Amino acid sequence: AKAKGRNTYHFYSQDLDAAANERLYIENELRTAIKMKQFTLYYQPQVNSETTEVVGYEALIRWFHPIEGAIPPSKFIPIAEATGLIVELGAWVLEEACHFSRRLKTAGKIGNVSINLSARQFKDAQLIKTLSDIIEKTKIEPTQLHLELTESMLMGDVEAAIAQLKHIKSLGVSLSIDDFGTGYSSLSYIKRFPVDILKIDRSFVKDIPEDPNDMEITAAIIAMAQKLNLQVIAEGVETEAQMAFLAKNNCYIVQGYYYSPPLCEADIFKFVPTI
Ligand code: C2E
Ligand code: CA
Ligand code: CA
Ligand code: CA
């Protein structure tokens, strides 16, 4: 049965452990899903807690599989990354999110659009061309576009990373460090990267106000961001107490279930301008 190849994974599933089997299944289904357009983007509002104004939206991919139902990004993004399929999928995300940005503007709504970039996409030599083509095609304001990168993507060849960041910035696009605090970068590096925003990872926010260590770390990240002239956004804000702690420590832009989960585009357009 093995000789029949990929599509016959059922025949040798007993040879593989369940995780490897699932991986193979998802890899196969991903190829079909890209062709069949089974993906959609949801958008999570980023809210200024002082004014309750929506200042931006993070695009988060959703896969609605005809048989499996919703497959979470944590299950398929790493596989898309490992197989290289993320470059094609990521280009689709970029274009779709820019069309959304254009539709927001047409509807008279304000707000930036943030897009998650994967390591492969960031290192892809074609990225700048892909980006500039999409910006031109969708006629969006590049300053309204924010790209989210993680610290680990910037490690390794730091000089190459800085050069790539500069290329992206030259298009007028803003850059965020996602999941900040969870990577291995040292603070002295952060200063060298031409980035605009730090996003405090949910792992630091989730146990506020019970965990004094997390509160210290969160306050320190905010203070450091201010010293470096970076904007700061907190992710995973679920409670009023978390929002209030962040505001007290000068972080006013928050994202999380406290204000809104990620929503489909139709719901975003139903959303009143202030929450
Ligand atoms: P992330 O970039 O850190 O995105 C935040 C995740 O936290 C999202 O999960 C979001 O739905 C979830 N979240 C938001 N607010 C709350 C909250 O208050 N509480 C809790 N518990 N969770 C909250 P999601 O959508 O499942 O995405 C998971 C990860 O998958 C993302 O983490 C990102 O790394 C990746 N991802 C999602 N969409 C894309 C994409 O288009 N491209 C790439 N390369 N990666 C993506
Ligand atoms: Ca993100
Ligand atoms: Ca995160
Ligand atoms: Ca992330």
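Some notes on this structure:
- Considering residues of segment 173-191 that are surrounded by 14 or more Cβ atoms within 10 Å (Cβ to Cβ) and over 18 Å from the mean Cα position of the chain (by Cα) only, the residue farthest from ligand 3 (Cβ to nearest atom): Y189
- Selection count where residues are surrounded by fewer than 19 Cβ atoms within 10 Å (Cβ to Cβ), more than 13 Å from I86 (Cβ to Cβ) and of a type in the set (A, V, I, L, M, F, W, C), scope segment 117-133: 2
- Residues of segment 28-50 that are surrounded by fewer than 20 Cβ atoms within 10 Å (Cβ to Cβ), touching a residue at least 40 places away in the same chain (Cβ under 8 Å) and farther than 30 Å from F245 by Cα: R31, I34, F39, T40.
- Residue match in segment 153-174 (condition: of a type outside the set (S, T, Y), within 16 Å of ligand 2 (Cβ to nearest atom), closer than 20 Å to L60 by Cβ and modelled with pLDDT under 95): yes
- In segment 160-172, residue surrounded by the most Cβ atoms within 10 Å (Cβ to Cβ) [restricted to those that are out of contact with any Pro (no Cβ under 7 Å at 6 or more places or on another chain) and farther than 15 Å from K191 by Cβ]: I168
- Meets criteria (more than 16 Å from ligand 3 (Cβ to nearest atom), in a loop (DSSP other than H, G, I, E, B), over 13 Å from the mean Cα position of the chain (by Cα) and not aliphatic (A, V, I, L, M)) for T51: yes
- Qualifying residue in segment 59-74 (condition: basic (K, R), at pLDDT 95 or above, at negative phi and over 13 Å from the mean Cα position of the chain (by Cα)): no
- Residue match in segment 112-133 (condition: touching an Asp or Glu at 6+ places or on another chain (Cβ under 7 Å), hydrophobic (A, V, I, L, M, F, W, C) and away from ligand 3 (no atom under 16 Å from the Cβ)): no
- As for segment 254-270, it holds at least one residue that is in contact (Cβ under 8 Å) with a residue 40 or more places away in the chain, within 28 Å of L104 (Cβ to Cβ), β-branched (V, I, T) and touching a Ser or Thr at 6+ places or on another chain (Cβ under 6 Å).
- Subset of segment 194-215 (residues that are crowded, with 18+ Cβ neighbours inside 10 Å and either among the basic types (K, R) or within 18 Å of A119 (Cβ to Cβ) (or both)): V195, K199, D201
- Of the residues in segment 55-69, none is part of a helix (DSSP H, G or I), more than 16 Å from ligand 3 (Cβ to nearest atom) and among the hydrophobic types (A, V, I, L, M, F, W, C).
- Leading residue by the ranking (nearest to ligand 1 (Cβ to nearest atom)) among those in segment 223-252 that are in contact (Cβ under 8 Å) with a residue 60 or more places away in the chain and closer than 19 Å to T182 by Cβ: I233
- Residue that is in contact with a strand residue (DSSP E or B) (Cβ under 8 Å, 6 or more places away or on another chain) and more than 16 Å from ligand 2 (Cβ to nearest atom), where the choices are I110, I134: I110
- When residues of segment 185-208 are limited to those that are away from ligand 2 (no atom under 16 Å from the Cβ) and part of a loop (DSSP other than H, G, I, E, B), the one nearest to A247 (Cα to Cα): I208
- For segment 212-222, filtered to residues that are at pLDDT 95 or above and within 16 Å of ligand 1 (Cβ to nearest atom), the residue that is farthest from Q255 (Cα to Cα) is D214.
- Residues that are within 11 Å of V254 (Cα to Cα) and either exposed (fewer than 14 other Cβ atoms within 10 Å of the Cβ) or in contact with a helix residue (DSSP H, G or I) (Cβ under 6 Å, 6 or more places away or on another chain) (or both), drawn from segment 51-79: T52
- For segment 223-267, filtering for residues that are surrounded by 20 or more Cβ atoms within 10 Å (Cβ to Cβ) and at pLDDT below 95 leaves 1.
The values are calculated or read from the model by the stated rules, or taken from the named source; none is laboratory data. None of these values were measured; they are calculated from a predicted model. Neighbour counts run over all protein chains shown; Cβ positions are idealised from the backbone, glycine included.
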